[in-house]
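The values are calculated or read from the model by the stated rules, or taken from the named source; none is laboratory data. Since we're looking at a predicted model, the values are computed, not measured. We place every Cβ from the backbone using ideal geometry, glycine too, and count neighbours over all the protein chains shown. With ligands, DNA and RNA removed, areas are computed over all heavy atoms of the protein, side chains included. Shrake-Rupley method; radii C 1.70, N 1.55, O 1.52, S 1.80 Å.
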Amino acid sequence: MTAPREARHLRDELDFLRSQLLEMAGLAEDLVEMAVAALVANDEEKADAVILGDRELDAMEVEIEDACISLLALHQPVARDLRLITMVMRISNDLERVGDHGVNIAESVRHLDAKPPLHRFPQVEEMARIAQGMLADSLDAFVRRDPELARAVCLRDDRVDGLNDSLFRSLLTHMMEDPRRIGIAMSLILVGRNLERVADLGTNVGEDVYYLVTGTSIKHAQKLGEVGPDHAAGG
Amino acid sequence: MDTASAPPRALRLRLRHLRDRLLVALCLVALALAVIPLVWVLWEVVGVGVRHVSWEFLTTLPQPPTVGGGGWANAIVGSVVVVGMAMVMGVPVGVATGIYMSEYGDNLLGKSARFLSEVLAGLPSIVAGIVAYGLIVVTMGRFSAVSGSAALALLFIPIVAITTQEALKMVPGHQREASFALGVSEAATTLRVVLPAAMGNVLTGVMIATARIAGETAPLLFTAFNSRYWMEGVDRPTATIPVNIYSYAISPFEHWHQQAWAGALVLLAMVLALNVAARTLWARRARFMAGD
Amino acid sequence: MSRSVAPLPGRDGRARRHLRQRWFRYATGALALLVVVVVLLIVQQLWVQSRPTWSEWGLGFLVRTTWNPVQGEFGALPFIAGTLLTSLMALLIAVPISIGIAILLSEYAPRRLRDPLIFVVELLAAVPSVVFGLWGIFVLAPLVQQHVMPVVAASPLGLLPFFGEPGPGYTLFTASLILAVMIIPIIASLSREALMAVPRDQKEAALALGATRWEATRHVVLTYARGGIFSAAVLGLGRALGETMATTMTIGNRVNLTLDYFQSGYSMTAIIANELREAASEIHVSSLVAIGLVLFLISFLLNSLGRLLLMRTHTPGT
Amino acid sequence: MAEQMITRDLKVSFGDHQAVKGVDMEIRPRAVTAIIGPSGCGKTTFLRALNRMHDHTPSARVSGEVLLGDRDIYGDGVDPVELRIRVGMVFQRPNPFPTMSIRDNITFAPKRHGLAKGKALDDLVERVLRQAALWDEVKDRLGASAVGLSGGQQQRLCIARALAVEPRVLLMDEPASALDPTATQRIEDLIYELKKDYTIVIVTHNMQQAARVSDYTAFFYMGLLVEFGETDGLFTNPREERTEAYITGRFG
């Protein structure tokens, strides 16, 4: 697929880059979904598939990065195009890390010798659901060039943080009261942390998309401003 | 069109709202029912305790009830020593067992250790006391601080062992591979690479275990027993705060009851401090440990 | 990320390195072995020490009702009954109250009130049981005797066989209350966390159908979180069963097989706490150890039962 | 059965952020009104104001009037519970109750409201499932958990569930956005069928969908109602420049 790139027009190159990123994003999202599914079903084969998928994701990141660097070198793009290329690099980097967290979750499947009691800790699946939704919506915002949607994605991170905190408290109480459950509890704490990080990365992507579309950063803004339940609801 | 069904439906609706409000009121009653006694406990311990905690209470030996005055200095020292010795016994054994189970435990010994530490973790605290009584007190022929520590160690070890095992399992395998690939020995890999990476979680396990044993009374009743004097040795009966609270509380002396409250305050302060420390220590590390 | 691969080390010194590697494995293995041996020793100890009792009465010991150290007559039933009665009553009191608190905190309370309350509730779970016992002796028992038991006895509840004539302050009822107070923080805080995790769209779906706030909470939110609430209750029951000090200090310590909560009784933990130290005859010690063994088995069974039920219920969501 | 809804100077704010800034709109009975606009334009906030869902968001403030028939739903003595029996809602992602069977999902609300019992309740279940074009797919497993259904089936179950309380107005918040094209098609067909009996308001960010299913379209931007009119007119000949920019995709 690395045909005579130099010959192609920058526009085409950028379109290609965009589609590559979307493909990578789809894979990253799938990995998280698969990892959680593997956890729910205690399915080691699926967990292995996540680990394999992550290698592919790593390869895609390298490919995208190479493409970006050669675009920068050859076309010396400015303004919006430059912004697009740098943001694509950053987003692909974030997506690669999403894959790593997926792998961490998948690896916890091996530590557990039975299905984890997730219905006793509904936080886990809820976090997974929201984190996946954040990834999906931030990429949706990328496709539709929709800054408001990107911004709304960032607001959902609070709910995930709250859920992780809640999960952590419950598990710690379980550990203190019944040390027999320490094993399962610690595995689930690890899963919670990784899901929380996935949501953080989803937020990063949302912020990058916002910057990409508007040219202004919300990254370190003091307050994102209150937004109604339009998207903050997490659905 | 709903004229026919309107009156019953409206009535029904009013009833539903009434029930809604009634049940919220019931929840409030539940909150009151729970909060009142709980706050009362704290209030009583702090309120009564504070009046009777004094420098004398913290630094002198107990006096006979007829004399009055006196303190629990020996019990405070005794508690620290008994719990401290339990930790001295428990930490190395627990951590080492955890390391073995996680790193080399894919064999009969590892599997038995895993299964049995889980069994041990379910041991009711008083049963730990029975065991220490039978094995140490009866054999030695007298109550001793060390038998109390052993009983507490039985509660302590499985927590630390299981926590350590899980903490080590969470360290990614490639860190070990990298270390082995550099020709580093098993011991150094575990002690210098794997264990440091898991240290936060291991420490929290130790904290949880300590918080759990610090307030224990039952296993000490017939192991460390009690004493009116300074500790004479780890092989001698020793006063501890929890046991003192119990024996002073069931005594007939008003003066001793007051001291029991003072002791409860001291114990509460120690245990709560440990608990807050365990929770915050781990919560603070939560982000850091996610792997990046 | 960095799966770095270093060149293989040379062959010389491999044997020595092998040895150097082994010592650590053996050292930790030795301590793991120690744990294994200690646990086996515990089991052996409990078994050997309690054997006189088992060979004297067999499993009949569990249903014998006399306990007379002077005549050497021992039976575990009054204690088993006392433990089960107080634990179950404690659970019966604590679970509805805890759920009520959890609902209030997760669905109704303003956010400003929540965090301090949660903090307090969680700290209370860590208060040593001997402190609760102390409070039980000096505050709760007199209060129960003077004000609570007469009221309960006069209410329709008094018609139940469980509540007879109001008795002394130290009764099965008092012990149940103290246990309930002790386990409420645990059950309430865990239930609250489970309720908080219920997706908001579930509750909104019910509200949009015209459910009242309570109906949405009761039929949708609560059922969604029932797994978490159930496991919280199991945890509370486990704590109540193994609790020693608070029970010993409030239950009255009288060997008395009864269903009447207003009488003094005894629990498995309390009899051990009170008599092991002074037990003189072999059969007396043996019977106390046997009770300890039974307690251990009950807690083991409870845990297995919890796991079994865990397998049967299915996961909501996805 | 269907009723019209009219909003007058409807404003919704969260804390100090005003999400809907004074909207006057007339929603016709037995028709589909689509609300379109970019994310964050206040369209979902507006929709949720129509059945008082904001009552449960502590920071939300609503002012202005919303008339259902001739009664202001924010007026004194209006019970939100009663209101929601008349104004039903379907959400963005399918949210059946996972702990209930398919049948219980539907009967949950009618039972509470005392709408039907016994045989009549069974008939109700069958009727709404047929209306939602789901009956043939689930009639043999009404007792099964709703979680086992596909995403599209779950959403149709949610529609059936909303119909079971016999509402006059049905609010739909991007009901097909979480579904694949085939399932979306079925939902759109369903909406077309339902408008014979109900007043339907649908929020969507998919303009083709709005053009396909609706009779009237409202374009929201920055919390304001920019343009409102018959769908054909609005899409072929918008009066406002911003509307044209949006529907032709030249936005931002």
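On the stretch given as region C:64-84, residues that are open to solvent by 10 Å² or more (accessible area, probe 1.4 Å) and either more than 23 Å from the chain's Cα centre (by Cα) or under 30 Å from C:Tyr224 (Cα atoms) (or both) total 11.
What's the number of the condition C:Glu193 fails, among (1) among the acidic types (Asp, Glu); (2) farther than 30 Å from D:Pro110 by Cα; (3) more than 14 Å from chain A (Cβ to nearest Cβ)? Looking at each condition in turn, C:Glu193 falls short on (3).
Taken over region B:221-280, the criterion of being under 25 Å from C:Ala270 (Cα atoms) and of a type in the set (Asp, Glu) is satisfied by B:Glu254 alone. No other residue among C:Met245, C:Met182 is in contact with a Lys or Arg (Cβ under 8 Å, 6 or more places away or on another chain), more than 19 Å from C:Ser106 (Cα to Cα) and touching a residue at least 24 places away in the same chain (Cβ under 8 Å) apart from C:Met182.
When restricted to residues that are small (Gly, Ala, Ser) and without any contact (Cβ under 8 Å) to a residue 12 or more places away in the chain, region B:58-83 contains 0.
Within region D:148-164, the set of residues being of a type outside the set (D, E, K, R), under 17 Å from D:Arg86 (Cα atoms) and under 14 Å from the mean Cα position of the chain (by Cα) comprises D:Cys158, D:Ile159, D:Ala160, D:Ala162, D:Leu163. Among the residues making up region C:89-113, those that are away from chain B (no Cβ under 12 Å) and either in contact (Cβ under 8 Å) with a residue 24 or more places away in the chain or of a type in the set (Lys, Arg) (or both) are C:Met89, C:Ala90, C:Leu91, C:Arg111, C:Arg112. B:Arg212 meets the stated requirement of being within 15 Å of the chain's Cα centre (by Cα), assigned to a helix (DSSP H, G or I) and within 12 Å of chain C (Cβ to nearest Cβ). Could you go through region C:202-220 and let me know if any residue there is touching an Asp or Glu at 6+ places or on another chain (Cβ under 8 Å), free of Cβ contacts under 8 Å to residues at least 12 places away in the same chain and within 26 Å of B:Val35 (Cα to Cα). Yes: one or more hits. Scanning region A:61-75 for residues that are open to solvent by 20 Å² or more (accessible area, probe 1.4 Å), of a type in the set (Val, Ile, Thr) and under 17 Å from A:Asp100 (Cβ atoms) turns up just one, A:Val62. The listed residues are A:Leu155, A:Leu172, and the only one of them that is without any contact (Cβ under 8 Å) to a residue 40 or more places away in the chain and surrounded by fewer than 22 Cβ atoms within 10 Å (Cβ to Cβ) turns out to be A:Leu172. Which ones in region C:265-290 are in contact with a strand residue (DSSP E or B) (Cβ under 8 Å, 6 or more places away or on another chain) and open to solvent by less than 10 Å² (accessible area, probe 1.4 Å)? Passing the criteria: only C:Gly265. The one condition from (1) at the interface with chain C (Cβ under 9 Å from one of its Cβ atoms); (2) open to solvent by 40 Å² or more (accessible area, probe 1.4 Å) that B:Arg114 does not meet is (1). Considering only residues of region B:236-257 that are open to solvent by 60 Å² or more (accessible area, probe 1.4 Å) and in contact (Cβ under 8 Å) with a residue 12 or more places away in the chain, which is nearest to the other protein chains (Cβ to nearest Cβ)? Residue satisfying both the conditions and the ranking: B:Phe253.
Results for (1) of a type in the set (S, T, N, Q); (2) surrounded by 21 or more Cβ atoms within 10 Å (Cβ to Cβ); (3) touching a Phe, Trp or Tyr at 6+ places or on another chain (Cβ under 8 Å); (4) part of a loop (DSSP other than H, G, I, E, B), shown as yes or no for each residue.
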{"residue": "D:Arg103", "(1), (2), (3), (4)": "no, no, no, no"}
{"residue": "D:Ala109", "(1), (2), (3), (4)": "no, yes, no, no"}
{"residue": "D:Leu115", "(1), (2), (3), (4)": "no, no, no, yes"}
{"residue": "D:Ala120", "(1), (2), (3), (4)": "no, no, no, no"}
{"residue": "D:Arg127", "(1), (2), (3), (4)": "no, no, no, no"}
{"residue": "D:Glu137", "(1), (2), (3), (4)": "no, no, no, no"}
{"residue": "D:Ile191", "(1), (2), (3), (4)": "no, yes, no, no"}
{"residue": "D:Ile202", "(1), (2), (3), (4)": "no, yes, no, no"}
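Determine, yes or no, whether C:Ile271 is in a helix (DSSP H, G or I), more than 9 Å from chain B (Cβ to nearest Cβ) and touching a Gly at 6+ places or on another chain (Cβ under 7 Å). So C:Ile271 does not fit the description; no.
Looking only at residues of region B:86-106 that are open to solvent by 40 Å² or more (accessible area, probe 1.4 Å) and at pLDDT 90 or above, we find that the one that is farthest from the other protein chains (Cβ to nearest Cβ) is B:Met87.
Scanning region D:146-189 for residues that are of a type in the set (A, V, I, L, M), assigned to a helix (DSSP H, G or I) and surrounded by 21 or more Cβ atoms within 10 Å (Cβ to Cβ) yields D:Ala146, D:Leu157, D:Ile159, D:Ala160, D:Ala162, D:Leu163, D:Ile187. Residue count for region D:48-98 satisfying the condition of being in a loop (DSSP other than H, G, I, E, B), more than 10 Å from every other protein chain (Cβ to nearest Cβ) and either in contact (Cβ under 8 Å) with a residue 40 or more places away in the chain or in contact with a helix residue (DSSP H, G or I) (Cβ under 8 Å, 6 or more places away or on another chain) (or both): 3. Of the helices (runs of 4 or more DSSP H) lying entirely inside region C:145-243, those carrying at least 2 residues that are among the hydrophobic types (A, V, I, L, M, F, W, C) and open to solvent by less than 20 Å² (accessible area, probe 1.4 Å) are C:172-196, C:200-208, C:226-242.
Kindly indicate whether A:Asp113 is out of contact with any helix residue (DSSP H, G or I) (no Cβ under 6 Å at 6 or more places or on another chain), outside any helix (DSSP H, G or I) and more than 22 Å from A:Ala199 (Cα to Cα). Yes: the conditions hold for A:Asp113. You will find that of C:Ser281, C:Ser264, the residue that is away from chain A (no Cβ under 13 Å) and in contact with a Lys or Arg (Cβ under 7 Å, 6 or more places away or on another chain) is C:Ser264 and no other. Can you find a residue that is open to solvent by less than 10 Å² (accessible area, probe 1.4 Å) and free of Cβ contacts under 8 Å to residues at least 60 places away in the same chain anywhere in region D:207-221? Checking region D:207-221: not a single residue is open to solvent by less than 10 Å² (accessible area, probe 1.4 Å) and free of Cβ contacts under 8 Å to residues at least 60 places away in the same chain. Which residues, taken from region A:172-183, are within 19 Å of C:Ser304 (Cα to Cα) and either touching a strand residue (DSSP E or B) at 6+ places or on another chain (Cβ under 9 Å) or part of a helix (DSSP H, G or I) (or both)? Those that are within 19 Å of C:Ser304 (Cα to Cα) and either touching a strand residue (DSSP E or B) at 6+ places or on another chain (Cβ under 9 Å) or part of a helix (DSSP H, G or I) (or both): A:His174, A:Met175, A:Met176, A:Glu177, A:Pro179, A:Arg180, A:Arg181, A:Ile182, A:Gly183. If the condition is being at the interface with chain B (Cβ under 7 Å from one of its Cβ atoms), at pLDDT below 90 and open to solvent by 50 Å² or more (accessible area, probe 1.4 Å), then region C:24-40 contributes only C:Arg25.
The conditions of being closer than 20 Å to A:Ile184 by Cα, within 10 Å of chain C (Cβ to nearest Cβ) and open to solvent by less than 30 Å² (accessible area, probe 1.4 Å) are met by B:Ala161.
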